[in-house]
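One structure is given here, and the rest of the page talks about it.
Nothing in this text is a laboratory measurement; each read-out follows from the coordinates by a stated rule. It should be emphasised that the depicted structure is a prediction, and the values quoted were computed from it without experimental measurement. Here the Cβ positions follow ideal geometry from the backbone for every residue, glycine too, while neighbour counts run over all protein chains shown.
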Amino acid sequence: MRKLLLLALLLFLPFAVSAQTPARAGSLADVAFIEGHWLATTANGAVEAYWSAPATDNIAGFIRMTKDGRATLYELFAFEQTDQGPVALVKHFKPGLIGVEEKDKSDRYTFLEAGAGRAVFVKQGEPLRVLYEKRSADRLVIALGREENGKWVFKDLFDFKRMK
């Protein structure tokens with residue numbers, strides 16, 4: 001009887017371990033769809049973005065916000081591959097390249113999940129999610145998610161069209 005119990009435990013153990021295995025860590029390939037030159041128009045002006053193709057362990061990019069022919073804000077982006085998956089790092093600058101965050105700080109977003117043409121990140125230290133979603137070959141949306149009544153609700157922030 002003891003041998004039968006041990007055999008059953010050994011057969012069941014791989015299933016028990018895999019049930020507790022966390023979701024895959026993700027990779028830069030999950031965010032590669034963001035590559036390109038994009039433009040969004042908002043009530044606050046134009047938002048131009050560029051993201052490179054993945055190279056080595058990162059994707060680099062920037063956002064330039066303008067209104068009435070003047071820059072209002074710059075954002076420097078880096079998606080970096082880590083052992084836990086990609087992280088999104090963002091630094092903001094006012095015109096004149098005056099940093100918004102402290103010199104050695106940046107906003108940090110950790111990878112949560114991805115699907116075909118979409119990736120979700122969580123802002124560290126805040127209950128905020130960011131969805132990057134390619135809705136067509138020439139349309140990319142960045143949406144912000146907040147929890148409402150136990151569900152995550154996403155609202156489009158920037159609706160980009162591909163620049164050609």
(request) About the Cα centre of the range 23-162, how large is the charge dipole given +1 on each Lys and Arg Cβ and -1 on each Asp and Glu Cβ? Please answer in debye to the nearest 20. (result) 360
(request) Filter the trypsin sites (Lys or Arg not before Pro) in the range 44-135 down to the DSSP loop ones having no more than 14 other Cβ atoms within 10 Å, then list what survives. (result) Lys103, Lys105
(message) Report, in listed order, any pair from Lys105/Lys161; Lys103/Lys161; Lys91/Lys134 with a Cα-Cα distance greater than 29 Å.
(response) Lys105/Lys161; Lys103/Lys161
(message) Give me the percent relative contact order of the chain, please, defined on Cα pairs under 8 angstrom at least 6 residues apart.
(response) 17
(request) Measure nothing but the geometry: give the 0 to 90° angle between the long axis through the Cα atoms of 2-20 and the longest principal axis through the Cα atoms of the chain, rounded to 10°. (result) 10
(request) Could you tell me which of Val130, Tyr109, Ala49 has its Cα farthest along the dipole of the range 45-144 towards the positive end, charges placed at Cβ (Lys, Arg +1; Asp, Glu -1), taken about the Cα centre? (result) Ala49
(request) Compute from the Cα atoms of the chain the Rg and the Dmax, the latter being the longest Cα-Cα distance, and quote both in angstrom. (result) 20.4, 82
(message) Cross-link candidates for Lys67: which aspartates and glutamates have Cα within less than 14 Å, leaving aside residues fewer than 8 places away along the same chain?
(response) Glu48
